[in-house]
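K.L.:
Structure below; questions to follow.
The values are calculated or read from the model by the stated rules, or taken from the named source; none is laboratory data. Computed from a predicted model, the values in this text were never measured in an experiment. When we count neighbours, we look across all protein chains shown, and the Cβ atoms used for this are built from the backbone with ideal geometry, even at glycine.
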Amino acid sequence: MPEKMTKIEIITRVDKLDELKEALIGIGVRGMHVFEVLGCGNQKGFKQKYRGVDMTVDLLPKVKLETIVCEVPVQLVIDTAVKVLRTGEIGDGKIFTYNVESALRIRTGETGVKAL
């Protein structure tokens, strides 16, 4: 029976990325992808002047970290991320989890957990 694989997406503040990466590596997360993203939500953005014109900046810079885990417990990853990221202010971010049906390492043809 194949082991369960779970994809975890964490979207948060740019300045928390290094601390988050270190904490996840510290609990045994082996691989991750990081993306610079723009987002809007409860923060609503802010107003600024650009070349004398009032502008509303409502898409704020964030980072999205993605990882797939099978050996590290999903709840441990979530708890670790929350411990690092929670400030109690709007903009701390969101965490999403997804079941992963399959994985394939292109170079070797390995599938499932072995492909991770």
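K.L.:
Can you pull out every residue in the stretch 20-35 that is loosely packed, with under 13 Cβ neighbours inside 10 Å, at pLDDT 95 or above and either in contact with a helix residue (DSSP H, G or I) (Cβ under 8 Å, 6 or more places away or on another chain) or not acidic (Asp, Glu) (or both)?
P.N.:
ILE25, GLY26, GLY28, HIS33, PHE35
K.L.:
Do any strands (runs of 3 or more DSSP E) entirely within the stretch 1-114 hold 1 or more residues that are touching a Phe, Trp or Tyr at 6+ places or on another chain (Cβ under 9 Å), and if so, which? It would help to see each step written out before you state the result.
P.N.:
Values: elements: 5-12, 33-39, 46-50, 53-57, 60-69, 94-100.
In the stretch 1-114, the matching strands (runs of 3 or more DSSP E) lie at 5-12, 53-57, 60-69.
K.L.:
State yes or no: is THR80 of a type in the set (Ser, Thr, Tyr), surrounded by 12 or more Cβ atoms within 10 Å (Cβ to Cβ) and within 11 Å of the chain's Cα centre (by Cα)? Give the derivation first.
P.N.:
On the way: of a type in the set (Ser, Thr, Tyr): yes; surrounded by 12 or more Cβ atoms within 10 Å (Cβ to Cβ): yes; within 11 Å of the chain's Cα centre (by Cα): no.
For THR80, the condition - of a type in the set (Ser, Thr, Tyr), surrounded by 12 or more Cβ atoms within 10 Å (Cβ to Cβ) and within 11 Å of the chain's Cα centre (by Cα) - is not met.
K.L.:
Sticking with this structure for a sec: Against the definition (of a type in the set (Asp, Glu) and closer than 17 Å to ALA115 by Cβ), how does GLU101 come out, yes or no?
P.N.:
Values: of a type in the set (Asp, Glu): yes; closer than 17 Å to ALA115 by Cβ: yes.
When the stated conditions are applied, GLU101 passes them.
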